[in-house]
Structures are given as C-alpha cells and as structure tokens.
Amino acid sequence: MIKLYNTKEEFQGIVLIQRLNEPKGIAIPGGFVDVGESVEDAAIREMKEEVTLDVSIEKLQGVYSNPKRDKRFHCASCVFVCKAYGTPKAADDAKEVYIYPIKDIPYEKLVFDHAEILRDFVKNFNTKK
C-alpha cells in the first residue's frame, strides 16, 4: 500500500489501480514474489513495475491469508505500508492509476479482500508517517 506525499510532506492520498487483468476492479498495487526474492524486495519491485514509483517501506501492516481471498487460487499477501513521492503512472498490469484521499476510498469497487486491508489501514492512519 502506497501513501503518496508531495515535496512539502503533505499527504496526497492512497495509490490504487484499475486492474488490467481478471479479476477486473480497483486494487492496491502488488504482485507475486519471485523465487529467491524477499517479500520486501518484491513489494518495492512491484510498486515500481505497476505505478512507476520508488517506495520506502515503513512497516508491515499484516499478513492476509484467508484461502477465499483470491478466487483464482489460494494466495497470501504480506501488506506493507509504503511512502512515496512523485506522480504515479499505470504500467505492467495496471490499466489506470488513482490517488484517493482517505475519505474517498471506493470500498465497494475493490477486488479481493482489499476493502478489508484498507479498512485496517484507515484504523491506524497517520499522515505524518
């Protein structure tokens, strides 16, 4: 999950994507860990590949592993809260990229269990971090 800031350290919003591939919908950018890669390195790589941002990991929010969270197959996610600056651009399997203020997150349009993940994030949201 990416918290986007401007150069004055003002919070701009959360970066979300419109998925190019099935299942279609809005999602937190992410992807899969390559063999021999740490989950931290995968998170940084995937953010660069999907939204062209260099991120710094602030913390691990949690691990989401409900076997039904992804209809394609059993998949666990390590969700890192990351910080970035700049202008995201859709790339890789992101069709579009959006920056949502916390109050405007479209929970009803999120795929997988990303609404749950974002609700967990918002509970502890702090724009200063």
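The values are calculated or read from the model by the stated rules, or taken from the named source; none is laboratory data. Just so it is clear, the structure is predicted and the values come from calculations on it, not from any experiment. A quick note on method: Cβ atoms are made from the backbone with ideal geometry, for glycine too, and the neighbour counts reach across all protein chains shown. What goes into the accessible areas is simple: the full protein's heavy atoms, side chains included, and nothing from ligands, DNA or RNA. Shrake-Rupley method; radii C 1.70, N 1.55, O 1.52, S 1.80 Å.
The angle between the Cα long axis of helix 39-51 and the main principal axis of the chain comes to about 70°, on a 0 to 90 degree scale. Quick check: the angle from helix 114-123's long axis to the longest principal axis of the chain, C-alpha only, nearest 10 degrees? Helix 114-123 and the main axis of the chain meet at about 40 degrees. Its Cα gyration tensor gives the chain an equivalent ellipsoid. The semi-axes, each the square root of 5 times an eigenvalue, are 21, 16, 15 Å from largest down. With all protein chains kept in place, the per residue accessible area of the chain amounts to 57 square angstrom at a probe of 1.4 angstrom.
Of the residues A76, A94, A84, the one that moves most in a GNM of the chain with alpha-carbon contacts below 10 Å is A76.
Loop-resident chymotrypsin sites (Phe, Trp or Tyr not before Pro) (DSSP state other than H, G, I, E or B) in the range 1-74 with no more than 16 further Cβ atoms inside 10 Å of their Cβ: F32, F73. Stretching the chain fully between K83 and Y5 yields a gain of 27.3 nm (0.36 nm per residue, less the alpha carbon separation). The apolar share of the surface of the chain, taken as the fraction of accessible area on carbon and sulfur atoms (1.4 Å probe, ligands and nucleic acids excluded), comes to 52 percent. Could you check the simple spin-label distance between D41 and R72, using points 7 Å along Cα→Cβ, in nm with one decimal? Once both label points are built, they end up 2.3 nm from each other.
Of K3/K71; K8/K89; K3/K24, which pairs sit farther than 25 Å apart, going by alpha carbon to alpha carbon? Over 25 Å apart, Cα to Cα: K3/K71. Among beta bridges identified by DSSP and lying wholly in the chain, the antiparallel ones come to about 80 percent. Would you look at the GNM of the chain, springs on alpha carbons closer than 10 Å, and say which of P23, P67, P88 moves the most? Of P23, P67, P88, the Gaussian network model singles out P67 as fluctuating most.
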